[in-house]
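What follows is a single structure, written as structure tokens, with notes after it.
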Amino acid sequence: MRCHGRPWAVLAAVTKGLLILWAVPGQEGRPLKAPTVQQTQALVKLMAEDAQELFTFYEKDQHLAIHNICRTNEPPHWLQGPVKGPCVLQRLWQPMVRMDQALQDIIRHQRDLSPPGAEILRRLNNTHRNVRGLLNNLAGLFPALSPRPSHRPPPSPAGPTSIFKQKLQGCRILWSYARFMARSSAQLEARGGRRCRERRRSQRGSRTPARP
Amino acid sequence: MEAPSHPPRLSTGKKLQFGKLNLQLAARWLIMLLTSGEEILQDFRERIPCRMFSGWNWVAYGFCLLLNVYSLEASGGLVQSCGHIIPESPVLAIGSNFTALCILNESCLDFGNIYASQIIWKIKNRVIPKEQYREINRTVSSVTFNDTSSLATPLTCNIIADGQIEQNIYGITVTVGLPPEKPKNLSCIVHQLSQLTYSMTCTWDPGTDTFLDTQFRLKYRWAQESFPDCIPTDVNNSCTIPDINFFVNVEIWVEAANALGKAESDPIVLDPIDIVKPLSPHNLSVNSEIVPTVLMLSWENRIGDPVMNLKFNIRYRIIGDTNWMEIPSEDTASTRTSFNVQGLRPYTEYVFSIRCMKEDGKGYWSDWSEEKTGITTEAAFHDIAVVESNCKLIRKPSKGPPLWRIIDASHSPASWTVHLMWKALKPSEANGVILQYELTVRDKSSLSCPLEKYNVTSTNLTLQLPNGTYEVTVIARNGAGASPPSVLLIPASNSKAPVKNLRALPKYDKLWVGWTAPNSYVLKYVVEWCLLSSRSACIIEWQTLPGDVQGIYIKGIKPFKCYLITVYPLYADGQGSGQSVQAYLKQDRPSKGPTVQTKKVGKAEAVLTWNRLTVDEQNGFIRNYTILYKTIDGNETVVTVDPSKTEYTLSSLTSDTLYTVRMMASTDNGSRTGPDFTFTTQKFGKGEIEAIVVPVCLAFLLIVLLAVLFCFNKRDLIKKHIWPIVPDPSKSNIAQWSPQVPAKHNFSSKDQMYPEGSFTDVSVVEIEADDKKSFSEQDLKPFDLLKKEKSTSEGHSSGIGGSSCMSSPRQSVSDSDDSETTQNTSSTVQYSTVVLNGYRDQTPVQVFSRSESTQPLLDSEERSEDHAGGGDSTPERQQYFRQNGGQDETNEDRPCFERTKQIAHANEGDLVGFVQLQISGQSSQPLGLGMEKNIREAALSNVLQTSSEGQTVRPEIVEENTLSVDEMPKSYLPQTVRQGGYMPQ
């Protein structure tokens, strides 16, 4: 492919798209109204609020509100920030992909610890849906973003084994996530997401004449 | 029970002959019976030849099943289908065409000689016309339906086997319906369940019924992710998605699917945040501000900034008022948790409520919050600057309280009980707290009377006043001062003109009262109203109106209640009389029907009465009563009665008939029927019984009178019939025996011969000749002679003898030649019959003796004769003699013939007169009534000897009881019989 250059790449992309359209039957093939930036910003704001409430609840519910042991200053690398520069929304993609996986782990862990219907599970699931919703919006806003992996990567071999460690790690992730979302929300409110789109539009506009 | 998915099919074993198909079928049914129950059993009843059992019962089923099972086992037990239908259990669209194939197995063709041409198709038990069949080949037959509307379940393939026996091969269940319609009008709403939870409910129009099991699924997805379908439960037009996420577009649509197809609604794409119905604000509070026209509302929102911004809608009203006012929407179009309501009245209580929705107007308003009240502060002293700058801000009450009275003159004609009442000022009029009311009462008819003053804090005052004209004033006083006075003139009489054309009718859910003003100038009107109730007194409410008003909407009126409304015109110099009207705000049908009963019931009419419904039961104006009556099997007759009546007479009724009557009360809005009442009309009308009874009684009296007269005239005859002359037995004797030949039976001189009292009784001697052999011819001669003489009496035992010969003296006499003579005398000479029972085939001989006795035989005696010849007759005859014998007291234990023998001993020379001898049984022998003593003695001797086997004849007793003639009591017994005849002594 590499030898044949760009036309083959285009052909491969078209084929891939057609294959996707063919593989997804019925309604899946229908185009859905694209999300707006305002929607996504509102979602980020909502998620920031939700993340903070989730962490507070989790910390209390899991009896980890002692000595601020969850409130680490060393968040996971994918939640480190703050998100700076243009295209704040676009930069949320990767952290959200990782957060999606992290929340799945926390939910699975909590399913083993909590009865069905527990409030912590309801909140975790809601946050998880928000994360996936944000990924959905980001994918709609930025089609060039790579699609989410269909299956999650295998858990890290160095993952914690004891329950307490799992709880604590979940708590720290949620803390880092809450801070990350708060920063992102604040940055979005301060700068808005338009610049990225405007920049992309201007880039696209400047690029258009160059298209074959 | 649902039809089996696999209908029964005919099957056969490999080695089975076709004729045994029934057995196989039975076995198959037995197996299926264990799993499918009654439905299969029903089919089994129809198929198995055991239908020969009349009166199916379980025993027969069991027996039949056992037989079939046994046959099945004997045949090898392997069963196979003999054919099948294609398609199996089809689901067809209504109106479409359909073809089914019945395919026979080759194995069945081999041994059964059955072919497709023998197939008949059936729907249920109805044979499908053969025009719809088509024989495709020797094993396949098809049936075609051009319209599946005519199809039903089951569709069976059957075959006519040898002997025209119809056997079922296979059956299928056919389901007919419609494909689902495209669901329409899909819409969704997100309900906020709590501060953090939301659910989305979507509804749609499922379309027409498909007659099939149709599944509806609510589908939704994001652009990059799909979610599990929402499947409705119990309904087919809505579904609730429990978890939703805001700010992510979701596509929603409905899929309807059944066996005939699928249909999808048009999808809708939305952000759930745009269809939220939030929870209403809560914890609403109302706080008064320093400014008397302002109240501050504060509340808590249950949906906030991260999710959405809100706008609000605030409404308020003065308490007691029904009209809401709203804060302008532009004043509350942003998120907030408090608001100052301005422009309110001072010292007025208000009710507030609030709702919210998304700030941009997308979505739905929340429900109204709970209502909260608050009262504005008093106007007085609130702001000196305002008072100084605005002189209109009066601190005193702005007006005097409305004043009215109720006069009760019932206690004393010379004085009134006047209930004065006035209304509290509205807060806006009172301008503060009313400290007291000051009343003055002035008697206008007497200038000298002092002014009476009363200070009260309540709003009423009762005074006892002499009749007259009074002027009452009242002022309200608050902290700032007194109000202008309100004046009420109480005239001695309400002689002024009343209002005209008073009417009341409901308008806009209020009761409007209107009237026409009188010609004179009216200062003001007072409208009184009260709720009429049978349970409580009429509590009067009232309202004053300016004189230029001719109508009013009365508020606070309850529906279905009757109100009495009175309007008084007040003039400057007096008061007009009140005009009243009753009115309902709303009417309903009566809460119960009238209870009818009869006051009087006649032959063709009945007077019905009922009580009027109480005003509480009426629920409206009773427009009419309806009487419904009918006989048990007759049509109902309806009569409408004016509501003012409480009695009605039903006429033209059928007599002696049970009627059921009920009564219905009707208002403008419906009717209610009371309980049934039954009555029966009388059989006879008024006077009919008298008309029948009186003539009957009169006729009866007449008959009785005639009977009395008749009896009186015929008293002798009646006396004879009813009270026959009973001779005195003590005076009876046998005067004469008359065994003479008929020529000698001249009793004309009987009276002379037998003076009265010489014979008192008649004796009967029956001599049975059963054992005639013991008598010699000589012994029987006298009887033969007697027989000849008494030729007319022969064969008439009822004459003087026979079985009851002596019961009727006249009859006895009638047989004689001189009956005329004997009938006219009480001492009738009568015959006795001596009956000799025939010996073997010989004719029995009857011997008549004659007696002067008129003593009738008693019934017992007659019966004893009936038993003649029986061994038991002896005691009876003894009794007979005892009754008539005078020496019974001394010889009670002796048999009658012993006494007879005693007599015979006393008159041995006249033994012929021994006529009262009766011997019954085999030992009884007729005694000859011979003429000669020797003969008699011999005969007697013979008799005694002959009867030695008996128990009663004991000669020694005779000897011991020998009596002289003088000692013999007078008796009916023949005491003396002269030799050569029956001549009495």
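Per-structure values
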| item | result |
| --- | --- |
| Estimated FRET transfer efficiency (B:K558, B:C697; beta-carbon r; R0 56 Å; 0.05) | 0.25 |
| Label point 7 Å beyond Cα of B:T99 along Cβ direction - residues of the stretch B:138-152 with amide nitrogen under 16 Å | B:138-148 |
| Viscosity 1.002 mPa s, temperature 20 °C, Stokes-Einstein D of the stretch B:584-740 from Kirkwood C-alpha radius, µm²/s | 101 |
| Residues B:N460 and B:Y508, FRET efficiency given R0 of 30 Å [Cβ-Cβ distance, rounded to 0.05] | 0.40 |
| Shielding by partners, peptide A:133-143 (average Cβ within 10 angstrom, other chains) | 4 |
| Rg/Rh (Cα only; Kirkwood hydrodynamic radius) as it applies to the stretch B:506-607 | 1.20 |
| Pair B:I189, B:I268: separation of 7 Å Cα→Cβ label points (nm) | 1.1 |
| Packing rank of B:321-331, B:204-214, A:39-49, where each peptide gets the mean count of other beta carbons within 10 Å, highest leading | A:39-49, B:204-214, B:321-331 |
| Distance violations [Cα-Cα > 25 Å] among B:K600/B:K630; B:K122/B:K182; B:K507/B:K558 | B:K122/B:K182 |
| Additional length obtainable on full extension of the chain from B:N309 to B:K714, 0.36 nm per residue less Cα span | 132.7 nm |
| Inverse of mean 1/r across different Cα pairs in the stretch B:152-262, Kirkwood, Å | 17.1 |
| Linear extension gain, B:W324 paired with B:D728, 0.36 nm per residue minus alpha-carbon span | 132.9 nm |
| Full-extension gain in nm, B:Y521 to B:K124, via 0.36 nm per residue minus C-alpha separation | 133.8 nm |
| Virtual spin-label span in nm between B:K683 and B:A161, 7 Å along Cα→Cβ | 7.2 |
| Spin-label proximity, B:V601 to the stretch B:645-661 - amide N less than 11 Å from point 7 Å beyond Cα toward beta carbon | B:656-661 |
| Protection proxy ranking of B:220-228, B:251-259 - average other beta-carbon atoms within 10 Å, highest first | B:251-259, B:220-228 |
| Shielding by partners, peptide B:223-234 (average Cβ within 10 angstrom, other chains) | 3 |
| Alpha-carbon radius of gyration plus Dmax, which is the widest Cα pair, for the stretch B:476-541 in Å | 16.9, 46 |
| Theoretical FRET efficiency, 1/(1+(r/R0)^6), r = Cβ-Cβ of B:S493 and B:N611, R0 30 Å, to 0.05 | 0.20 |
| Distance violations [Cα-Cα > 31 Å] among B:K262/B:K358; A:K33/B:K184; A:K45/B:K362; A:K45/B:K277 | B:K262/B:K358 |
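Read-outs: derived from the displayed coordinates by stated rules, not from any lab. The model shown is predicted, which means the values in this text are computed figures rather than measured ones. FYI the Cβ positions are ideal-geometry reconstructions off the backbone, even for glycines, and counts take in every protein chain you see.
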